[in-house]
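To keep things clear, I will list the structure first and then write my remarks on it.
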Amino acid sequence: MAEKDWFNFPNFVTLARLFLVVTFFLFSLWGIDWVWVIFLLAALSDFLEGWLARTFNQMTSVGEAFDPFVDRLLVFSGIFSLYISGKVTLLPIVLIITRDVIIIGGYIFLSLKRVRMEVTYLGKIATFSIFFATLILLLGLGSEKIFWLAVFLYLASGGEYIYNGTRRFLVGVYGGVR
């Protein structure tokens, strides 16, 4: 990837999403009723950024690291908003945060070992499902049950990342899985 153009339009969209995440979080704390609009815009910008980067071949290593980081911030701010508004209990929040801490730690470890991890299809579906379930609950249209379905997918994708990361690490170290 050519890094001379790291500040391209897809990365700008990610930066704008970071601003939306911070705005969403603050408005959530202040109890603004239409905070769901900001969450929706932030979630849609994630899909727009990915589409732009792939369609116009503007993927950068900066974007590959920055986009998932901002995604995690959006997930965390969304679930925290649901928790403080009493729409979900603490357990799914703890599970989501634990999953992400493990995945981020594994990603850092593998990066230091020069093992590259790709985003998986299940990971994309899981992130979408968390965004969707959060939006549904922010709108007051569902119960915690729909959120648990998204949490299950999110945890399953975490298991897939752990499996894939372990296999890639073992192939890199031992030349194969023993």
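Only residues that are over 29 Å from Trp34 (Cα atoms) and not in a helix (DSSP H, G or I) were counted in region 88-120, giving 8.
Of everything in region 86-138 that's hydroxyl-bearing (Ser, Thr, Tyr) and under 16 Å from Val75 (Cβ atoms), which residue is surrounded by the fewest Cβ atoms within 10 Å (Cβ to Cβ)? Walk me through how you get there before you give the answer.
Looking only at region 86-138, we keep the residues that are hydroxyl-bearing (Ser, Thr, Tyr), and these are 89, 98, 107, 111, 120-121, 127, 129, 134.
Still in the running and under 16 Å from Val75 (Cβ atoms): 98, 107, 127, 129, 134.
Values: Thr98: 12, Tyr107: 16, Thr127: 23, Ser129: 19, Thr134: 26.
Among those residues, the one meeting the criterion is Thr98.
When the test is whether a residue is within 12 Å of the chain's Cα centre (by Cα), surrounded by 13 or more Cβ atoms within 10 Å (Cβ to Cβ) and of a type outside the set (Lys, Arg), Phe66 passes it. State whether the residues of region 126-144 include one that is of a type in the set (A, V, I, L, M), at pLDDT below 95 and either within 22 Å of Gly50 (Cα to Cα) or part of a helix (DSSP H, G or I) (or both). Checked against the condition, which is being of a type in the set (A, V, I, L, M), at pLDDT below 95 and either within 22 Å of Gly50 (Cα to Cα) or part of a helix (DSSP H, G or I) (or both), region 126-144 yields no hits at all. Of the residues making up region 75-82, not a single one is surrounded by fewer than 17 Cβ atoms within 10 Å (Cβ to Cβ) and small (Gly, Ala, Ser).
With respect to the conditions (1) touching a residue at least 24 places away in the same chain (Cβ under 8 Å); (2) more than 20 Å from Leu135 (Cα to Cα); (3) aromatic (Phe, Trp, Tyr), Phe80 lacks only one, and its number is (2).
None of Ala65, Ala42 is farther than 30 Å from Gly172 by Cβ, without any contact (Cβ under 8 Å) to a residue 40 or more places away in the chain and among the small types (Gly, Ala, Ser) except Ala42.
Being farther than 18 Å from Phe47 by Cα and modelled with pLDDT under 95 is the requirement here; does Val115 meet it? It is true that Val115 is farther than 18 Å from Phe47 by Cα and modelled with pLDDT under 95.
Is it the case that Thr23 is of a type outside the set (A, V, I, L, M, F, W, C), farther than 19 Å from Leu135 by Cβ and crowded, with 17+ Cβ neighbours inside 10 Å?
Working: of a type outside the set (A, V, I, L, M, F, W, C): yes; farther than 19 Å from Leu135 by Cβ: no; crowded, with 17+ Cβ neighbours inside 10 Å: yes.
So Thr23 fails the test.
The values are calculated or read from the model by the stated rules, or taken from the named source; none is laboratory data. All figures in this text were calculated on a predicted structure; none of them were measured in a lab. Using ideal geometry, Cβ is built from the backbone for each residue, glycine included, and neighbour counts are taken over all protein chains shown.
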